[in-house]
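One structure is given here, and the rest of the page talks about it.
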Amino acid sequence: MRISECYAGGRFGLSIEIFPPKTADGDTALRQTLAELAPYAPDFISCTYGAGGSTSKRTVEWCQEIQQKYGRSATAHFTCVGSSREELVDWLQFAKTAGIGNIMALRGDPPAGQTDFKPAVGGLSYANELVALIRSHFPEMGIGVGGYPEKHPQAPSMDADLQNLKRKIDAGADGIFTQLFYDNAAYFRFREACRRLGISVPLVPGIMPITEFARIQRIAQLSGASIPAKLASRLEAVKEDKPAQFAIGVEFAIAQCRELIDQGAPGLHLYALNKSHACKQILDALEINRA
Ligand code: FAD
């Protein structure tokens with residue numbers, strides 16, 4: 001299913017994000033996760049593109065497996081990191097030939113230890129250029145882009161970041177998938193600001209259930225997502241008790257998703273971190289089991 005079709009006419013879209021594992025055990029565990037989540041009939045499952053292009057081929061191979069073995073549409077993430085325009089087009093052709101119909105078009109992050117993003121020789125500097133490249137060579141592709149309810153960490157201001165988001169939409173993106181966040185007020189403010197700028201594509205909230213506090217704290221810090229003080233202190237109180245952290249995190253995610261849906265979110269994009277347990281509990285509680 002193309003990204004634009006997932007939310008057409010007010011349809012609720014469900015998507016789940018996974019990443020290519022680094023080990024054979026990880027591959028086995030991911031297959032188990034996919035087998036457990038496929039019955040919830042997500043409209044697509046997206047697979048990330050490793051930092052620095054490290055999973056370039058595996059991203060497409062996992063997307064192929066998702067479509068062939070689990071019968072769900074796949075979306076391949078893709079970044080500008082380390083590739084010239086020609087190499088970007090070659091990879092897109094490779095993905096298209098493998099039957100992939102959606103791309104999550106991203107700039108990517110600078111390598112660890114560097115703060116500024118430097119484009120590859122003959123490459124692209126920003127995601128809006130990647131969206132334009134995809135649209136010009138593969139006009140039929142569905143295109144998702146990233147959005148930042150609490151501002152992209154490198155953007156000088158929220159206004160500048162929003163203008164840059166608009167460039168991606170004007171270049172032809174079909175939907176915005178947000179960075180993880182735990183403060184729904186930030187999403188609602190972001191949605192208002194997008195509307196004021198005339199951005200009308202679906203703004204899909206990206207939800208990462210807290211399953212292990214220390215790990216999510218690290219991820220949230222890197223991505224600029226704040227953890228509300230009340231939630232943080234509940235989790236802090238059980239920092240030696242992982243099952244308790246999981247229970248609090250899932251309970252919070254259910255309430256968070258429920259409010260987002262009640263307030264008109266077009267869908268949910270669940271960051272599964274290759275595990276099914278939290279996602280299943282959330283989808284069951286929200287009665288999003290469409291199998
Ligand atoms: P851009 O939209 O290019 O923005 C990057 C920064 O540049 C922002 O500060 C923006 O305000 C600014 N900017 C944008 N355009 C312009 C312009 N024309 N002129 C001046 N400034 C500009 N990373 C991976 O490596 N692999 C993945 O699979 C992956 N998946 C992701 C999925 C989602 C849903 C999200 C939200 C992020 C994902 N990321 C992934 C992380 C992403 O690569 C980083 O957040 C990266 O730092 C920015 O990517 P972007 O596409 O948002 O960049």
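The values are calculated or read from the model by the stated rules, or taken from the named source; none is laboratory data. Small disclaimer: the values here were computed from a predicted structure and weren't measured. In this analysis, Cβ positions are derived from the backbone assuming ideal geometry, glycine residues included, and neighbour counts consider all displayed protein chains.
Just so you know, in segment 213-253 the residues that are touching a Phe, Trp or Tyr at 6+ places or on another chain (Cβ under 7 Å) and closer than 24 Å to Asp284 by Cβ include one that is surrounded by the fewest Cβ atoms within 10 Å (Cβ to Cβ), and it is Leu231. A Cβ distance below 7 Å, combined with a sequence gap of six or more or placement on separate chains, defines the contacts here; from segment 137-153, residues that are under 18 Å from Phe117 (Cα atoms) and at pLDDT below 95 reach no residue that is hydroxyl-bearing (Ser, Thr, Tyr) and buried (at least 18 other Cβ atoms within 10 Å of the Cβ).
Considered as a group, the residues in segment 122-137 that are assigned to a loop (DSSP other than H, G, I, E, B) and of a type outside the set (S, T, N, Q) include one that is farthest from the ligand (Cβ to nearest atom), and that residue is Gly122. Residues of segment 1-48 being of a type outside the set (A, V, I, L, M), more than 20 Å from Val145 (Cβ to Cβ) and within 16 Å of the ligand (Cβ to nearest atom), which ones? Scanning segment 1-48 gives Pro20, Pro21, Lys22. Within segment 162-180, the set of residues being basic (Lys, Arg) and either modelled with pLDDT under 95 or more than 7 Å from the ligand (Cβ to nearest atom) (or both) comprises just one member, Lys166. Remark: pairs (first residue in segment 252-279, in contact (Cβ under 8 Å) with a residue 60 or more places away in the chain; second residue charged (D, E, K, R); Cβ separation under 6 Å; 6+ apart in sequence or on different chains) = Tyr271/Glu17; Ser276/Glu36. Screening segment 1-119 for helices (runs of 4 or more DSSP H) wholly inside it with 1 or more residues that are under 22 Å from Pro139 (Cα atoms) returns the ranges 3-6, 56-69, 85-97. Within this structure, Pro119 fails the test of being over 16 Å from Cys47 (Cα atoms), within 12 Å of the ligand (Cβ to nearest atom), of a type outside the set (D, E, K, R) and within 20 Å of the chain's Cα centre (by Cα).
Let me confirm something: among Asp159, Asp183, which residue is more than 13 Å from the ligand (Cβ to nearest atom), among the charged types (D, E, K, R) and either farther than 29 Å from Glu5 by Cα or within 18 Å of the chain's Cα centre (by Cα) (or both)? Break it down into steps so the answer makes sense when it comes.
Details: Asp159 fails: more than 13 Å from the ligand (Cβ to nearest atom).
That would be Asp183, the only listed residue that is more than 13 Å from the ligand (Cβ to nearest atom), among the charged types (D, E, K, R) and either farther than 29 Å from Glu5 by Cα or within 18 Å of the chain's Cα centre (by Cα) (or both).
Among what's in segment 49-107 and is among the β-branched types (Val, Ile, Thr), more than 17 Å from the chain's Cα centre (by Cα) and surrounded by 15 or more Cβ atoms within 10 Å (Cβ to Cβ), pick the residue that is farthest from the ligand (Cβ to nearest atom). Selected residue: Val89.
Residue-by-condition table, conditions (1) within 15 Å of the chain's Cα centre (by Cα); (2) not polar (S, T, N, Q):
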residue	(1), (2)
Arg195	no, yes
Glu212	no, yes
Gln217	no, no
Ala225	yes, yes
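For Gln256, the test of being surrounded by 18 or more Cβ atoms within 10 Å (Cβ to Cβ) and more than 16 Å from the ligand (Cβ to nearest atom) is passed.
Taking Pro110 as the residue in question, decide whether it is more than 14 Å from Lys57 (Cα to Cα), at pLDDT 95 or above, in contact with a Phe, Trp or Tyr (Cβ under 6 Å, 6 or more places away or on another chain) and within 15 Å of the ligand (Cβ to nearest atom). In short, no.
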